[in-house]
Amino acid sequence: MNDKSASEIQLLNEVQQFLQSAIHDLRAANRRTSIAAELLVQSANDQERSDLAAQIAEGFTKTEDLLTGIGSYAIAVAPGSYKIALFPSARAVRFALANLDRQIRETGAAVNVADLPDISGDRDRVAELFERLIGNSLKFKGPESPVIDVTATRVPEGWLFSVKDNGIGIAEKYRDRLFIPFRRLHGADVPGAGLGLAISRKIVEAHGGRIWVDASTEPGATFSFWLPVADGD
């Protein structure tokens, strides 16, 4: 983990607790209004009212996605939320794939996972990291069924992990913006809050590592990140 002073850790934890409380209250209010919008849709008597109500319901769904993303970001930046232990990184990938099972089946994706090492970190956060990177490959797939390769290589800095896909790729002019919160490269029509890669970056940095994208090969892109080795490795 990155070295931080006690005051910095306390501040980050306080911010995280504040955000979680605010999100809880906002989500409760959003849920009540969403239920009302759904009832309006069901009782609509004409097409115009039905269309308007459907737009309202869609807006609340997007708000819920945003609240979920902000909550995940708050956890990712708070040192106190990390539980560090030695674990097989392959297990984190399995958890990620289980959560993505529906998307994998719907897209007909093939996910190839190489032999992966044991690492020291927060298993749940690393699983979330893999879920977001693999999910990103599924979301931005090309015309062919997705093929995603997850690999790990020993490097001087630690373990270098890569998630490579055959998707639509990323234009060079966008690569510096990828990990900035709320930067949506493909517009509002693509589901999500624009926080997935920003959260991924915070998870990697909290473990003392670094993440980047290599989009030099066509088609597709490769997201790579390195994490420090486990003690004694």
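Nothing in this text is a laboratory measurement; each read-out follows from the coordinates by a stated rule. Every value quoted in this text rests on a predicted model; they were computed, and no experiment measured them. When we count neighbours, we look across all protein chains shown, and the Cβ atoms used for this are built from the backbone with ideal geometry, even at glycine.
What order, most packed first, do the peptides 147-159, 199-211 have when packing is the mean number of other Cβ atoms within 10 Å of each residue?
The most tightly packed comes first, giving 199-211, 147-159.
Can you grab the distance from the C-alpha centre of the stretch 67-82 to the C-alpha centre of the stretch 107-142, Å, no decimals?
19 Å
Would you kindly derive the ³J(HN,Hα) couplings of the stretch 194-203 from the backbone phi angles with the Karplus curve 6.51 cos²θ - 1.76 cosθ + 1.60 (θ = phi - 60°), listing them in order in whole Hz, with x for Gly and Pro?
These are the phi-based 3J(HN,Hα) values: x, 10, x, 6, 5, 5, 4, 4, 5, 5 Hz.
Could you sort 119-131, 65-77 so that the peptide with the highest average Cβ count within 10 Å comes first and the rest follow in order?
119-131, 65-77
What does the net charge come to around Val113 if you take all other residues with beta carbon closer than 9 Å to its beta carbon, with K and R at +1 and D and E at -1?
Local net charge: -1.
Length gain on complete extension for the stretch Asp115 to Arg177, per 0.36 nm per residue less the alpha carbon to alpha carbon distance?
19.2 nm
At 7 Å along the Cα-to-beta-carbon direction for both Ala85 and Ile168, put a label point, then send me their distance in nm to one decimal.
Reported label-point gap for Ala85 and Ile168 is 4.0 nm.
Assuming R0 = 25 Å, can you tell me the calculated FRET efficiency for the pair Arg94 and Arg154, based on Cβ-Cβ distance, to the nearest 0.05?
On the way: r = 21 Å, r/R0 = 0.86.
The calculated FRET efficiency here is 0.70.
Given 0.36 nm per residue, what is the gain on full extension from Glu58 to Glu38 after removing their alpha carbon distance, in nm?
Between Glu58 and Glu38, full extension yields 6.2 nm more.
Take peptides 132-141, 171-180 and line them up by average Cβ neighbours within 10 Å, highest first, as a rough protection proxy.
Put in order of decreasing packing, that is 132-141, 171-180.
Quick one: putting +1 on the C-beta of Lys and Arg, -1 on the C-beta of Asp and Glu, what dipole do you get for the stretch 92-192 around its Cα centre, in Debye to the nearest 20?
That gives the stretch 92-192 a dipole magnitude of about 300 debye.
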